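Coordinate-derived values only; no laboratory data. If you're wondering where the values come from, they're calculated on a predicted model, not measured in any experiment. As a convention, Cβ positions derive from the backbone with ideal geometry for all residues, glycine included, and neighbour counts pool all protein chains shown.
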Amino acid sequence: MPTLFILAGATASGKTELALNFAQKKNCEILSCDASAFYRGMDIGTAKPTPEERRTVRHWGVDIAEPNEPFSIKDFVSYAQKCVSDITARGKNVLAVGGSGLYLKSFLSPVTDDVHPSEAVREEIAALEANGGIEALRERLLKFDPQASKYVEFKNPRNVRKALERCLTTGLPLVEVLKNFQQQPMPYASLTKVTICLCRPLEILKLRIRLRVHKMLQNGLIDEVRRLKEEGKLLPDTPASTAIGYRETLKFLQQPTSLEDLEREIVNDTYGLAKKQLTWFRHQMAFDGYWYG
């Protein structure tokens, strides 16, 4: 029976090199779980595996959508199921690798459900928020479930919207929505799963981030972002345009500063992301082993 290996690690920790070596030793094909690597044309700022590396080991989850196309966690779950089915049907093991926690967690437990809010529900919520702000959404959610604040981070508008969408769509209190969510079957139940976390000391990680950002700028990150912007592929408030490295460079193109300031901003934001990823892994995932680099 094929094995599903899951390799998690913060951005710039060295997952690509480790994954290539591991995949060759363990007869794996690699499934990328990097939310920015999905997008075509976003190459330099995402530090994607090179074409040569992708020829060495077959990769999935790279260059599968345009930056201006929506690609949700539901889209990824569906895509990943097809990838895993294809890979294991050929007798190979799967190595899911990345730093995007929710995508990695989707191999271990349900992260999405079959509730599909209609456009009418979304419009109702948008109108409610436009008139009364986030407080109006909280009040409406509490009418469905007076205990909703136990399950939803009320300071996070996105979480409140999502919870209200599910209540309005199903007509159920939030506690029942969550109960139904938790009763979903476990994903990939027939496969053996092995989870590994790549760990590096924070001072080493920050040095690696500095070196990587400097190399990205030398290799033409600004030109890459300018081209994507001119092609209309980095639309405002889309996941692609808000990805670290891209959002800072977009701001730089609109309000030029020095290259040193741009580099410093990308380094700081990347380091902030890395620390958030490590915190998320500690609280949201259990690992079978650790690799200390």
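Let me have the relative contact order for the chain, percent, based on Cα pairs under 8 Å that are six or more residues apart.
Relative contact order comes out at 28 percent.
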Legend entry - Over the chain: helical MRE at 222 nm, DSSP H runs n ≥ 4 each giving -39500 (n - 2.57), nearest 500: -16500 deg cm²/dmol
Legend entry - Between the stretch 180-197 and the stretch 50-94, the Cα center-to-center distance that results, in Å: 18
Inset, instruction - Have a look at VAL194, VAL111, VAL84 and tell me which one the Gaussian network model of the chain (Cα, springs below 10 Å) gives the largest fluctuation. - result: VAL194
Legend entry - Estimated distance in nm for a label pair at GLU230 and GLU260, the labels positioned 7 Å out from Cα along Cα-to-Cβ: 2.9
Inset, instruction - Sort 20-26, 5-11, 117-123 for me by packing, meaning the mean count of neighbouring Cβ atoms within 10 Å per residue, highest on top. - result: 5-11, 20-26, 117-123
Inset, instruction - Compare LEU211, LEU168, LEU234 in a GNM of the chain, Cα atoms joined below 10 Å, and give the one with the largest fluctuation. - result: LEU168
Legend entry - Label-point separation in nm, TYR292 to ARG40, each point 7 Å along Cα→Cβ: 4.5
Legend entry - Listed values (i) 6, 28, 35, 19, 7, 3, 1, 0, 0; (ii) 6, 24, 31, 26, 13, 1; (iii) 5, 19, 25, 24, 17, 8, 1, entry calculated as P(r) over Cα pairs in 10 Å bins from 0, in percent: (ii)
Legend entry - Label-point separation in nm, GLN218 to GLN81, each point 7 Å along Cα→Cβ: 4.5
Inset, instruction - Once you've got the GNM for the chain with C-alpha springs shorter than 10 Å, pick whichever of LEU137, LEU108, LEU278 has the biggest mean-square fluctuation. - result: LEU137
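Need the full-extension length gain, VAL121 to GLN184, defined as separation in residues times 0.36 nm minus the C-alpha distance. One decimal, nm. Mind dumping the intermediate values first?
On the way: separation 63, 0.36 × 63 = 22.68 nm, distance 2.39 nm.
In short, 20.3 nm is gained.
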Legend entry - Mean Kyte hydropathy of -1.0 or more with a Cα span along the axis of at least 27 Å, helices from DSSP in the chain: 259-284
